[in-house]
1. Could you give me the ³J(HN,Hα) list for the range 53-65, computed from phi with Karplus coefficients 6.51, -1.76, 1.60 and θ = phi - 60°, whole Hz, x at Gly and Pro?
2. For Met108, enumerate residues with amide H under 5 Å from its amide H, sequence gap 5+ or separate chain, H modeled in the peptide plane.
3. Rounded to whole Hz and in sequence order, give me ³J(HN,Hα) for the range 112-122 from the Karplus expression 6.51 cos²θ - 1.76 cosθ + 1.60, θ = phi - 60°, writing x for Gly and Pro.
4. Divide the volume of the convex hull of the Cα atoms of the chain by its number of residues and quote the answer in cubic angstrom per residue.
5. Rounded to the nearest 500, what is the chain's calculated 222 nm mean residue ellipticity when only DSSP H runs of at least 4 contribute -39500 (n - 2.57) each, over all residues?
6. Could you give the length gained on full extension between Glu117 and Lys102, defined as 0.36 nm per residue of separation minus the Cα-Cα distance, in nm?
7. What aspartates and glutamates sit close enough to Lys46 to cross-link, taking a C-alpha to C-alpha distance under 20 Å and skipping anything fewer than 8 places away on the same chain?
8. In Å², what does the accessible area per residue of the range 34-121 work out to with a 1.4 Å probe?
Amino acid sequence: MSDQNKSLEIIEKRRFLRLNDYFKVTFQPMDEYGSAPNRPEVGWSKNLSLGGIAFMTDSGVEIGDTIRATMLIPEIDRPIEVVGEVVRLQPREKGRREVAVKFLPFGMDEDQRSKLELFIYDHFLTDPF
């Protein structure tokens, strides 16, 4: 199978459009009671979709952690708050890690989801590459 076919297969498996964008993300691991007792940590987004977000941080989260995150997207008038599960960690340079978070089904209210959806699709309509 050629490399081009492999890339096409990966794209086809994605359920949502993935937007590469850079904005501040604050997050807190949640405990077993659904509380986020620690101070928020900071990260910077790498990409975003309606299904999840990947961001860079030097903070310590682990695969399987449930986190509460706030995305500060300049083009959206209010922060977007989500709850998600850490599904992937990749080490990067200087002690940083790329954290991939899958949004949980109850992790975002419908109004915020609609705003996020409009933001993502607007970017693809105005600049598809």
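The values are calculated or read from the model by the stated rules, or taken from the named source; none is laboratory data. Computed from a predicted structure; not experimentally measured. Quick note on the areas: whole protein, heavy atoms, side chains included, nothing else; ligands and nucleic acids left out. Shrake-Rupley method; radii C 1.70, N 1.55, O 1.52, S 1.80 Å.
1. 9, 10, 9, 9, 7, 10, 7, x, 10, 10, 4, x, 5
2. Answer set, sorted by chain and number: Val83.
3. Working through the residues one at a time gives 5, 4, 4, 4, 5, 4, 4, 4, 5, 5, 4 Hz.
4. On the way: hull volume 17.2 nm³, N = 129.
Spread over its residues, the Cα hull of the chain gives 133 Å³ apiece.
5. Working: 2 runs with 28 residues, N = 129.
After summing the helix terms and dividing by residue count, I get -7000 deg cm²/dmol.
6. Working: separation 15, 0.36 × 15 = 5.40 nm, distance 1.55 nm.
Residue separation times 0.36 nm, minus the Cα-Cα distance, leaves 3.8 nm.
7. Asp21, Asp58, Glu62, Asp65, Glu75, Glu81, Glu85, Glu93, Glu98, Glu117, Asp122, Asp127
8. Numbers: 4850 Å² over 88 residues.
Result: 55 Å² per residue.
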